[in-house]
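Some notes on the structure that comes next.
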Amino acid sequence: MHELSLMEATLAIALTQTQAAGASTIHSLELQVGTLSGIVPEALAFAFDVASAGTAAEGAELRLKTVPTRCYCGDCQQEFQPRDWIYECPHCHRLSTDICQGQDLILASLEVS
Ligand SMILES: [Zn+2]
């Protein structure tokens, strides 16, 4: 399961940050899930329950935020949000292969004490 290994890696970062902050409990985490990442939010929530068991994050609130895909058009020098799966610039109608957002899983915020 792809989501479990991603969640384990994300949780490892969160636990390291918690330790660095001198805290012992994670109360909530917010993750940004890119729409192109291929991650299934429900599977991620399940993976969190499994991966957090017995850690400082056990019982923490997990908030998942979906992040839309954004592309960059080199001709117009601006970002745009593509419609569907066609990355066409709405200004000049060229196709872009430069995806600047939407492919990753990001740990956006962490509440600890
Ligand atoms: Zn353009």
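The values are calculated or read from the model by the stated rules, or taken from the named source; none is laboratory data. Quantities reported herein were computed from a predicted structural model and do not represent experimental measurements. Note that we place each Cβ from the backbone using ideal geometry, even for glycine, and neighbour counts take in every protein chain shown. Note: areas computed on protein heavy atoms with side chains; ligands, DNA, RNA excluded. Shrake-Rupley method; radii C 1.70, N 1.55, O 1.52, S 1.80 Å.
List of remarks:
- Around the amide H of Gln101, modelled in the peptide plane, lie the amide H atoms of Arg70, all under 5 Å away and 5 or more residues distant in sequence or on another chain.
- Cysteines of the chain lacking any other cysteine Cβ under 4.7 Å from their own Cβ: Cys71, Cys92, Cys100.
- Ordering of 7-13, 60-66 by packing [mean C-beta count within 10 Å, highest first]: 7-13, 60-66
- For Val67, distant residues with modelled amide H under 5 Å away: Val33, Gly34, Thr35
- Sequence-separation-based contact order of the chain, relative, with Cα cut under 8 Å and 6+ spacing, percent: 37
- Taken one residue at a time, the phi angles of region 50-60 give Karplus couplings (6.51, -1.76, 1.60, θ = phi - 60°) of 5, 6, 8, 4, x, 10, 5, 9, 4, x, 5 Hz. Gly and Pro are set to x.
- For the chain, share of DSSP beta bridges that run antiparallel, in % to the nearest 5: 65
- Charge dipole magnitude, Cβ of K and R +1, D and E -1 - region 7-113, Cα centre, debye nearest 20: 160
- Using the 1.4 Å probe convention, the accessible area of the chain works out to 60 Å² per residue with neighbouring protein chains retained.
- J(HN,Hα) series, region 74-82, from Karplus relation 6.51 cos²θ - 1.76 cosθ + 1.60, nearest Hz, glycine and proline x: x, 6, 8, 6, 8, 7, 8, 9, x
- For region 65-72, 3J(HN,Hα) per residue [Karplus equation, 6.51 cos²θ - 1.76 cosθ + 1.60, θ = phi - 60°, Hz, x = Gly/Pro]: 10, 7, 10, x, 6, 10, 10, 10
- Amide H within-cut-off set for Ala108, under 5 Å, with H built and near neighbours excluded: Glu30, Leu31, Gln32
- When both region 59-113 and region 1-56 are represented by their alpha-carbon centers, they are found 21 Å apart.
- Principal-axis analysis of the Cα atoms of the chain puts helix 2-20 at an angle of about 60° to the longest axis.
- Residues Tyr87, Tyr72, sorted by accessible area with the largest first, give Tyr72, Tyr87 [1.4 Å probe; ligands and nucleic acids excluded].
- Relative frequency of Cα-Cα separations exceeding 21 Å in the chain, percent: 45
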